Every structure is written in C-alpha cells, then in structure tokens.
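Only one structure is covered here, and it is reproduced in the block below.
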Amino acid sequence: MTTIEPTTRTPIALWRPPRPDATDRKEVLEATARMLHNGRLRDGEHTATLERALTVHFQRQAVAVGSGMDALELLLESFGIQGRTVLVPAHAFPAIPALAARLGGHPVPVPVDPASLAPVPEIADRPGRPIVIWIHHGGIVADHAAETIVALCKRGATVIEDCAYVLPDDAPGGPGTWGDAATFSFAPTKPLASTGGAVILTDGALHAARLRERRTHSGVEHLWAEGAQLLRYRGLSEFDALATHTQWQHRPETAAALMAVRDAYDLALIAHRPDLLPAGRRPQPTWGRYLVDLGEHHRATDVKAALADHGIASSITAPAPWYVYPTLAKHRPQTSHSELTALLERTLALPYHPGLTAGDVDRTARALLHVLAPKEQAS
Ligand SMILES: Cc1ncc(COP(=O)(O)O)c(C=O)c1O
C-alpha cells in the first residue's frame, strides 16, 4: 500500500442531499415564487402532493409532519404510552428514549444484532404488550426484521418502524409496511432531505385524520376540550414539502447513484478488507449510511480523526448506549451490553452520498486502508 500524506485536497463530505438538476431548480424556484405570492406556507398543495405520493407508494395513509421526532411523538401519544414499556434499541438516538420517558412511558434498552444493528430477534419472546421502536439503523434492513416485527404485532405489541435513515425501496412490502406505523425523516442528513420534516405512515383513515388534526396547535379548541395538550405546530412547511417531493420523484436516480458508490467501495475497499462489512451486512438499496466495523484493533474516534486529517468526513452514529447519559441513567439495564459498547466503539460511517465520485471513494478507501494498516501490522 502506498503511503498517503495528510492532504489539503477538496474535503469529502459525509452526506450531501441530492442536487436538483437545472429543470428541477427552475420548477422549484417557480413553485417557491408562487408560494410566496399566494402566502400559503403551511398545509397547502405541496404538503398534500407529498402525502398523496407516499400514500400511493406505500398503500398506507401518509401524514406529513415537522420532524422525525414530531412523528414519533404524535404516534406515541396516539397509541397511548402512559405507563407502558417502550422497547428501544440500546444504541438509539438518545432523544428517542428521552421522548418516551417524557411522555410517561418506561424506555427499556434492547440488545442489537452486530450485523444489522437492529434489535435481536429474541425481542419477540418478551412477555407483555410493549411499544417497540424498531430502528432500521442507517437504513440497514435486517434479514429478520419483517418476520420479527410481524411476530411482535401478532403478540399484541405496538411496533413503530423508525425508517429515519431508510431510502424508500421500490420493491413492494418493504420497510415501513410491517409495523403498526412507520416514520421517515426528511432532515438534511437523511436520504430524502429538506430543512426538516418527516412522514408518518399508518393504516386507517381515522387514525391519519386524528394525527393530521393534532399536528397543529391552532384552531383546535375542540381537542383541548377533550383534554388534549397541543404545545406547538408539528406540521411541515410548504418549502420542505416541495423540496422533499422533488427528491421523492428522483428517488430512483438517488438510489442508482448510491448503488454506484457502494460498487466503488466494493472495489476499492471491501475487496481488500471484506471484514469491514460484518457477515450478514450486505449493501442494500435502502442504506442511508455506509457503516463499517473497524475491528478490534481500532477505535472509531481515532480513525475519524485520522480521516479528518485527510480531509475526509466520517461519523460515529451512536458513540455509546443511550443509558450512559445522566438523564437516561435510571433506565440502565441490570446487565449492561458490554459487547454493544465495544461494537459501537468500532463502528464508523464513511462518506456516502449521491454526489460522491469514484475518485472520492477511491481516496477515502486508500486513506482508510492506510489508517488501518499500521496498528494491525504492529499487533
Ligand atoms: C433513528 C432516528 N430516528 C429519529 C430521528 C429524528 O429525526 P429528526 O431529526 O427528523 O427529528 C433521528 C435523527 O437523526 C434518528 O437517527
């Protein structure tokens, strides 16, 4: 392997939203001008168009909301969380168990499978009828996901599929269709990005209408009269609905561009270090992150810093189990997940976005192989 010196070359970003082409740019700018002219900045035609497109695609009711956290909050409220156990993957984004606790639930961390970073299949053997937040971490869809989620639902659990990082797949019956409801986020770091937003997928027009009503806090005195507390607007702006719908329409191109990036990583990186993708973690069209396992000799924090010296961004999506944080420490399990802690310390997200060129991937792969090489030779 040739030696690579730290470089001042163009930085390589971890993620960049898909870029609109000239035609889209023109259409989006014209639609934005119309929107500003008519003053309909929320709850307008773009929100309705986005909801219609997702309703047709998933064959479920789509309700557009302000963020992935708004989506989870609206669902947890509507399913009734007070006093219930909420199973949350132990490496989840800490805001998720914190939200569950704030709404009166009892978040319980569940172990995750090292290949898919999804909850282990044994989650379905637990007694009771918990709420389960099933995260398809980084858009990785576990081989056991569909079967386990369906088994949980049959046993009376309420399953919310958190597809925040999933690029929706065109194959029918995919992630987002297995649980009682699902959420997709449109935050700037997600595969369909705007300045922020999300969609809830659910079954039943009544449930959807109820969620849609509760996403606003204005003109809903009838809900207050029923005992609701609606503290803020949880809908989507028309700008974000427009931006997301444009990206939704170009999903196939985004998927194809990401496929090319995965192929480039295969050649430049995985061919040399197949162990970076643990057995069972095969590239999938749904990935929103390219997550590698650096192995026992390397810590993600060190490798991230070393890649940064080469101008290459990377990210540690979950540095530690969420119960290590003071506000969540009371939910710490009796037996802590020491293997999970080790796994998270070795897991790194590499640059992965539709604008990445084969040259960028090659440079990233060469830098990573270089960073990984010396320590292993010494051991
Ligand atoms: C798994 C998961 N769910 C939900 C969210 C929250 O999404 P948002 O930023 O749209 O509120 C995130 C944020 O990164 C996430 O990683």
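The values are calculated or read from the model by the stated rules, or taken from the named source; none is laboratory data. Every value quoted in this text rests on a predicted model; they were computed, and no experiment measured them. Quick reminder, even Gly has a Cβ in these numbers, built from the backbone with ideal geometry, and neighbours come from all protein chains shown.
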Check your understanding: Across the range 285-312, what is the number of residues that are crowded, with 17+ Cβ neighbours inside 10 Å and either within 30 Å of Phe184 (Cα to Cα) or not small (Gly, Ala, Ser) (or both)?
Key -> 17
Review point. Within the range 158-179, can one find any residue that is hydrophobic (A, V, I, L, M, F, W, C), assigned to a strand (DSSP E or B) and away from the ligand (no atom under 12 Å from the Cβ)?
Key: yes
Review point. Somewhere in the range 347-364, is a residue surrounded by fewer than 16 Cβ atoms within 10 Å (Cβ to Cβ) and either assigned by TED's automatic domain parsing to the domain that holds His136 or not in a helix (DSSP H, G or I) (or both)?
Key: yes
Study note, to complete from the structure: In the set Ile200, Ile270, the lone residue that is of a type in the set (A, V, I, L, M, F, W, C) and within 22 Å of Ala48 (Cα to Cα) is Ile200
Practice item. Considering (1) surrounded by 14 or more Cβ atoms within 10 Å (Cβ to Cβ); (2) under 18 Å from Pro11 (Cβ atoms); (3) more than 17 Å from the chain's Cα centre (by Cα), say which one Leu276 fails and leave the rest. Key: (2)
Point to revise | Residues satisfying the stated conditions in the range 184-203, i.e. hydroxyl-bearing (Ser, Thr, Tyr) and more than 7 Å from the ligand (Cβ to nearest atom) | key: Ser194, Thr195, Thr202
**Study point:** The listed residue being away from the ligand (no atom under 16 Å from the Cβ) and among the hydrophobic types (A, V, I, L, M, F, W, C), out of Ala320, Ala268
**Key:** Ala268
Study note, to complete from the structure: If you go through Asp70, Asp125, the only one that is touching a residue at least 40 places away in the same chain (Cβ under 8 Å), in the same structural domain as Ala228 (by TED's automatic domain parsing) and acidic (Asp, Glu) is Asp70
Study note, to complete from the structure: The residue from Leu103, Leu117 that alone is of a type in the set (A, V, I, L, M, F, W, C) and in contact with a Leu (Cβ under 6 Å, 6 or more places away or on another chain) is Leu103
Practice item. Starting from residues that are free of Cβ contacts under 8 Å to residues at least 12 places away in the same chain and in a loop (DSSP other than H, G, I, E, B), keep the ones in the range 192-245 and report whichever is nearest to Met69 (Cα to Cα). Key: Gln229
Revision key, fill the gap. Pro283 meets each of (1) modelled with pLDDT of 95 or more; (2) touching a strand residue (DSSP E or B) at 6+ places or on another chain (Cβ under 9 Å) with one exception, condition (1)
